[in-house]
Amino acid sequence: MRESLARLGFQESVASEADVAIINSCTVTGKADSKTKRLIRKVKKDNPETKIFVTGCYVVFDDDIETVQKMPEVYKIVPNESKMELPRILGDLYGREGSRPREEEKVSGFDSHTRAFLKIQDGCDRKCSYCKVNLVRGPSRSKEKGKIIDELVQLVDSGYKEVVLTGICLGSWKGEKGEGLSDLLSEVDALGGDFRIRLSSIEPDCIDEGLIDLLAGSKRVCRHLHIPLQSGSDRILKLMNRKY
């Protein structure tokens, strides 16, 4: 989205000086919803003239959209499924001509980052009692292996030495032929080039012997796992509807 806006001539600015503020919201829990509303109020307080556009996971369900619509600080809501239309909407609003984004547009760079991030999975099939990500992001969906390799090569060619593979539920990635995450990493491990791979957060029940063996023997994949254990109590885990 940032790259699409830049091609239309928009420039990034601090919120207190911006003509437009885009708030890409999160809605894992009720606490995240409250943070979004506080941020909306703060941005408008610091810059009364800014036009605030709200998108992201918080504005998916009708009740939540209605709540945000009642906030006088908000200029416009763009539902999460339409967020990639924001460059077009702003381009039309300010009379900017240029290319429009595609739904699966690749990110070619990460300003102020020494590492790149490559999203390979979206959605979640889990039904944790405290979380509504599975409701707002839909079922688990995996990016095709060929597209992942192509985007990875593009990032490495752009000079990134470390690429972090990310996903809503990263360990749920599945290839077109039923391959799992360790199979994907094996192919990545065999690629040429001077770079390394890091995994973002991964569920403990997604870590199998194949993944452990690959990490132990790989010269490219970082031997590092960020594991959300959530709780050490079986009773609490059961109440949370965690499957381990």
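The values are calculated or read from the model by the stated rules, or taken from the named source; none is laboratory data. These numbers come from a predicted model, not from an experiment. Cβ coordinates were reconstructed from backbone atoms using ideal geometry, including for glycine residues, and neighbour counts include every protein chain displayed.
Of all residues in the range 189-221, how many are surrounded by 12 or more Cβ atoms within 10 Å (Cβ to Cβ), under 29 Å from residue 159 (Cβ atoms) and out of contact with any helix residue (DSSP H, G or I) (no Cβ under 8 Å at 6 or more places or on another chain)?
Residues flagged as surrounded by 12 or more Cβ atoms within 10 Å (Cβ to Cβ), under 29 Å from residue 159 (Cβ atoms) and out of contact with any helix residue (DSSP H, G or I) (no Cβ under 8 Å at 6 or more places or on another chain) within the range 189-221 amount to 3.
Residues that are small (Gly, Ala, Ser) and over 29 Å from residue 138 (Cβ atoms): does the range 26-48 have at least one?
Taking the range 26-48 first, the residues small (Gly, Ala, Ser) are 30, 32, 34.
Filter again for over 29 Å from residue 138 (Cβ atoms), leaving none.
No, because not a single residue in the range 26-48 is small (Gly, Ala, Ser) and over 29 Å from residue 138 (Cβ atoms).
In the set 23, 65, which member is within 29 Å of residue 138 (Cα to Cα), in contact with a helix residue (DSSP H, G or I) (Cβ under 7 Å, 6 or more places away or on another chain) and of a type in the set (Val, Ile, Thr)?
Sole residue among the options that is within 29 Å of residue 138 (Cα to Cα), in contact with a helix residue (DSSP H, G or I) (Cβ under 7 Å, 6 or more places away or on another chain) and of a type in the set (Val, Ile, Thr): 23.
Could you grab me the full set of residues in the range 59-90 that are in contact (Cβ under 8 Å) with a residue 60 or more places away in the chain and either not basic (Lys, Arg) or not assigned by TED's automatic domain parsing to the domain that holds residue 42 (or both)?
Hits for the range 59-90 are 60, 61, 84, 86, 87, 90.
Could you tell me whether any residue of the range 209-217 is under 21 Å from residue 117 (Cβ atoms) and touching a residue at least 24 places away in the same chain (Cβ under 8 Å)?
Yes; the residues of the range 209-217 include at least one that is under 21 Å from residue 117 (Cβ atoms) and touching a residue at least 24 places away in the same chain (Cβ under 8 Å).
With the structure loaded, tell me whether residue 227 is surrounded by 10 or more Cβ atoms within 10 Å (Cβ to Cβ) and in contact with a Pro (Cβ under 6 Å, 6 or more places away or on another chain) or whether it fails that test.
Here the answer is yes, as residue 227 does meet what is asked.
Report, by residue number, each residue of the range 16-59 that is under 30 Å from residue 123 (Cβ atoms) and in a helix (DSSP H, G or I).
Those that are under 30 Å from residue 123 (Cβ atoms) and in a helix (DSSP H, G or I): 30, 31, 32, 33, 34, 35, 36, 37, 38, 39, 40, 43.
Could you list all residues from the range 44-55 that are surrounded by fewer than 19 Cβ atoms within 10 Å (Cβ to Cβ) and either of a type outside the set (Lys, Arg) or assigned by TED's automatic domain parsing to the domain that holds residue 168 (or both)?
If the condition is that a residue be surrounded by fewer than 19 Cβ atoms within 10 Å (Cβ to Cβ) and either of a type outside the set (Lys, Arg) or assigned by TED's automatic domain parsing to the domain that holds residue 168 (or both), then 46, 47, 48, 49 are the ones that fit.
In a helix (DSSP H, G or I), surrounded by fewer than 15 Cβ atoms within 10 Å (Cβ to Cβ) and not aliphatic (A, V, I, L, M): which single residue out of 146, 178, 159, 171 fits that description?
Criteria check complete, one pass: 146.
On the given criteria, is residue 205 under 26 Å from residue 238 (Cα atoms), assigned to a loop (DSSP other than H, G, I, E, B) and among the charged types (D, E, K, R)?
Spelling it out, it is not the case that residue 205 is under 26 Å from residue 238 (Cα atoms), assigned to a loop (DSSP other than H, G, I, E, B) and among the charged types (D, E, K, R).
Of all residues in the range 235-244 being without any contact (Cβ under 8 Å) to a residue 40 or more places away in the chain and surrounded by 10 or more Cβ atoms within 10 Å (Cβ to Cβ), which is nearest to residue 170 (Cα to Cα)? If you could, list the steps in order and put the result at the bottom.
Looking only at the range 235-244, we keep the residues that are without any contact (Cβ under 8 Å) to a residue 40 or more places away in the chain, and these are 235-238.
Next, only the ones that are surrounded by 10 or more Cβ atoms within 10 Å (Cβ to Cβ) stay: 236-238.
On the way: 236: 23, 237: 20, 238: 22 Å.
That would be 237.
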